[in-house]
Amino acid sequence: MPKIPELTSAKGLYAYLENGYYLDRFGHDLCLSSKNRNAATEVIPVHPCAVYALIDQKRLEYKNYRWVTTAPHNGVSTSVKAAKSIQPKLQYLEMLVMIYFHTVEGATCDECEVKLNLPHQTVSARINGLVKKGMLFDSGKKRLTRNGRKAIVWER
């Protein structure tokens with residue numbers, strides 16, 4: 001089977017996202033997966049530079065968007081250290097979650113965690129921030145999580 005070349009451009013990445021693919025993870029690598037559930041899933045490798053370039057383009061579209069500049073903490077030393085450690089990645093993570101929501105018609109926090117291979121604390125904090133900024137909304141729907149509990153379906 002021939003190796004599929006890695007997608008390296010923001011334009012190419014966005015074209016796939018607009019045509020029914022979604023950002024996914026394959027192990028530790030970013031990739032695009034097709035949404036066609038009836039056929040074998042097509043997996044296209046994505047170079048991180050394409051994601052960063054797309055994030056830069058989306059920043060222009062959301063010029064009035066208030067970017068996250070500091071991670072919240074509760075003042076406890078471990079919380080302060082955790083907030084400082086994630087600081088360099090905040091904008092990237094928030095845009096990654098936002099791009100994910102551009103590729104689906106609503107998702108729970110749990111679904112976003114699975115697709116982006118990120119911990120619950122990271123995803124729920126980014127979703128909470130996007131909700132406070134009016135970028136995501138409670139759809140009024142609920143879906144079951146991996147644990148069988150009902151969770152809010154968020155939409156943009």
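Computed from the coordinates by the stated procedures, all read-outs in this text should not be read as laboratory data. It should be emphasised that the depicted structure is a prediction, and the values quoted were computed from it without experimental measurement. Positions of Cβ are backbone-derived with ideal geometry, glycine not excepted, and every protein chain shown enters the neighbour counts.
What are the extents of the Cα atoms of region 65-156 along their three principal axes, listed from largest to smallest and rounded to whole Å?
If we take the Cα atoms of region 65-156, the spans are 36, 31, 21 Å.
Could you put LYS142, LYS132 in order, starting from the residue whose Cβ has the fewest other Cβ atoms within 10 Å?
Lowest count first: LYS132, LYS142.
Pairs to check: LYS84/LYS132; LYS81/LYS150; LYS84/LYS141; LYS81/LYS141; LYS89/LYS150; LYS89/LYS115. Give those whose C-alpha atoms are more than 27 Å from each other in this structure.
LYS81/LYS150; LYS84/LYS141; LYS81/LYS141; LYS89/LYS150
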